[in-house]
Amino acid sequence: MVTAIRWLKSALHPHALTLDDDCIAAASDPAALTLAVAGLRLPGFIHHLRVVLPAGMDISPFSACGFRPVRQTRLVALDPVGFAATLPDLPAGWSAHWRRPVDGADWPGWYAAHWDHYARMHRSNPPRDPGPQGRALVFGGDDLQESLFVTDAKGALAGFGSLRTGQELGWLDSTDYRSQQVPAILGAVLRRAAASGWTSATCEVDDDHRALWDCLRDAPDGARYVTLQRAT
C-alpha cells in the first residue's frame, strides 16, 4: 500500500509535496497513510505535505496523521449577464482596457501584479518566484484569451483579470489590495464575458482571497474542496 501513495512536487511550490489525486482512495486507509508518511525520506527543504480533498469527504484518517485544514476552494458557474447586474461599476476615473495576448501592453507589469496576488494568496504554502519568464508562462499560458488592465485616473495599473478558454475566469484582484474594488473588477470581467457571447463563466475562488470569496458567497455552488497540510 505504501507504494500506491504518491506525492508530487511543483516547481512553483518547491517546499511542499502534494498527494497525487489518483491516490486519495489509498491514502484514506489510516494504516496505509501512516506508513506512507513514516516511510518518506524527505530533504530538508520540504516543509509540508499537502492533500486536496472534495469537501464533505471524511478527513479523519488525515487528521489522525497530523493534517489540518488550511484552505477552502469553490468552483462556481456564474451567469455573466445576471450576476454582473448585481455588481458595481468601476470607480470614477478608473478604466477597463482589454488586450489579447498578441497585443502590445505592459505585460511585465501585468504579470508582476498577478505574482504579488498569487504570493499573498498562498502564504500557507509559499511559492518561489519563477522570474519574469516564468511569470509569463504561469499567468499567460495558452489558455489566455483576453487580459483586463484596469487603470486609475493617473493611468497606473489598479486591477487585473482575464478571460480563459473553456469560459473560465482567470486571476483577478486590485493591485493595492483595495478589497472594496474587487466586486467592480469582477463585474468588468463578467460584462466582457457576456459581450463575448459567454453563456456561463466558471470562477475558482479560495477563501484566502477573502474579498472575492465574500463577493461570491451567494453564487450557486459547484464543486468544493478542502486543502489539508502537515508540517514535516
Within segment 8-42, tally of residues that are open to solvent by 50 Å² or more (accessible area, probe 1.4 Å) and over 26 Å from Arg128 (Cα atoms): 7
Among Ala231, Ala156, the single one that is open to solvent by 30 Å² or more (accessible area, probe 1.4 Å), of a type in the set (A, V, I, L, M, F, W, C) and under 30 Å from Arg41 (Cβ atoms) is Ala231
Ser179 vs. criteria within 15 Å of Asp89 (Cα to Cα) and in contact with a Gly (Cβ under 6 Å, 6 or more places away or on another chain): no
Determine which member of the set Gly66, Gly39, Gly44 is at positive phi and out of contact with any His (no Cβ under 8 Å at 6 or more places or on another chain). Gly66
Hits in segment 175-199 (condition: open to solvent by 10 Å² or more (accessible area, probe 1.4 Å) and either within 13 Å of His209 (Cα to Cα) or polar (S, T, N, Q) (or both)): Thr175, Tyr177, Arg178, Ser179, Gln180, Gln181, Pro183, Ser196, Thr199
Going through segment 127-154 in order, the residues found to be among the β-branched types (Val, Ile, Thr) and within 12 Å of His114 (Cβ to Cβ) are Val138
Of the residues in segment 102-121, how many are crowded, with 16+ Cβ neighbours inside 10 Å and either of a type outside the set (Gly, Ala, Ser) or closer than 20 Å to Trp213 by Cα (or both)? 9
Failed item in (1) part of a loop (DSSP other than H, G, I, E, B); (2) in contact with a Leu (Cβ under 9 Å, 6 or more places away or on another chain), with Pro183 passing the rest: (1)
Go over the candidates Arg217, Arg192 one by one and state the one that is more than 17 Å from Leu75 (Cα to Cα) and over 13 Å from the mean Cα position of the chain (by Cα). Arg192
Within segment 1-30, take every residue that is among the hydrophobic types (A, V, I, L, M, F, W, C), part of a helix (DSSP H, G or I) and farther than 16 Å from Thr227 by Cα and give me the one that is nearest to the chain's Cα centre (by Cα). Ala26
Checking Thr86 against (1) touching a residue at least 60 places away in the same chain (Cβ under 8 Å); (2) open to solvent by 60 Å² or more (accessible area, probe 1.4 Å); (3) more than 30 Å from Asp129 (Cβ to Cβ), the condition it does not meet: (1)
How do the pairs read when you match residues in segment 136-157 that are in a loop (DSSP other than H, G, I, E, B) with residues anywhere that are crowded, with 18+ Cβ neighbours inside 10 Å and of a type outside the set (D, E, K, R), using Cβ under 6 Å and keeping only pairs 6 or more apart or on different chains? Asp152/Trp94; Asp152/Ala158
Starting from segment 43-66, keep only residues that are open to solvent by 60 Å² or more (accessible area, probe 1.4 Å), then list their pairs with residues that are assigned to a loop (DSSP other than H, G, I, E, B) whose Cβ atoms are within a distance under 7 Å, requiring at least 6 positions of separation or different chains. Phe45/Pro14; Phe45/His15; His47/His15; His47/Thr232
Any pair with Cβ under 6 angstrom, 6 or more apart, that starts in segment 198-220 at a residue that is in a loop (DSSP other than H, G, I, E, B) and ends at one that is open to solvent by 80 Å² or more (accessible area, probe 1.4 Å): Asp207/Gln72
Return the pairs, sorted by first residue and then second, in which the second residue is open to solvent by 60 Å² or more (accessible area, probe 1.4 Å), the first residue lies in segment 68-80 and is β-branched (Val, Ile, Thr), the beta carbons are less than 6 Å apart, and the residues are 6+ apart or on different chains. Thr73/Tyr225
Pick out the one residue from Leu137, Leu172, Leu212, Leu148 that is more than 28 Å from Pro69 (Cα to Cα) and open to solvent by less than 60 Å² (accessible area, probe 1.4 Å). Leu148
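The values are calculated or read from the model by the stated rules, or taken from the named source; none is laboratory data. This structure is a prediction, so every number in the text was calculated from the model and none was measured. Neighbour counts are summed over all protein chains in view; Cβ atoms, including those assigned to glycine, are modelled from backbone coordinates with ideal geometry. Note: areas computed on protein heavy atoms with side chains; ligands, DNA, RNA excluded. Shrake-Rupley method; radii C 1.70, N 1.55, O 1.52, S 1.80 Å.
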